[in-house]
Amino acid sequence: MFAKLGIDALPERLRAAIELSNITIAEAARRCEMPQPSIEGYLAGKNMPGARAIAAICVGLKISADWLLFGTGHARRGWQ
């Protein structure tokens with residue numbers, strides 16, 4: 001079911017969000033207020049972030065949860 005929603009591509013979208021912000025993984029972790037190994041695990045596809053981690057990533061990187069989770073809409077919140 002999740003593959004149909006595009007959640008399997010979350011690691012790629014997270015990497016794109018970090019690159020879009022032009023920051024390092026360490027800086028992304030700092031902005032998201034989470035340990036760097038957590039971000040690295042999400043990027044590697046080893047772990048899937050829970051609701052709190054998704055919220056922290058979206059706030060920290062200023063991205064849309066819809067885009068991060070499902071690839072719908074625009075990456076940056078508020079973009080048309």
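Taking the 1.4 Å solvent-accessible surface of the chain as the whole, the part contributed by carbon and sulfur is 55%. Applying both filters, DSSP loop and at most 14 other Cβ atoms within 10 Å, to the GluC sites (Glu not before Pro) of the range 9-69 gives 33.
Under a 5 Å amide H cut-off, with hydrogens placed 1.01 Å from N, residue 63 pairs with 77 among residues at least 5 apart or on other chains. Accessible area per residue for the chain is 62 Å², calculated with a 1.4 Å probe on protein heavy atoms, without ligands, DNA or RNA. Between residue 9 and residue 54, the distance separating the two model label sites (each 7 Å from Cα on the Cα→Cβ line) works out to 1.7 nm.
The values are calculated or read from the model by the stated rules, or taken from the named source; none is laboratory data. Every value quoted in this text rests on a predicted model; they were computed, and no experiment measured them. Counting neighbours? That spans all protein chains shown, and the Cβs are built from the backbone with ideal geometry, glycine included. Ligands, DNA and RNA are excluded from the accessible area calculation, which covers all protein heavy atoms including side chains. Shrake-Rupley method; radii C 1.70, N 1.55, O 1.52, S 1.80 Å.
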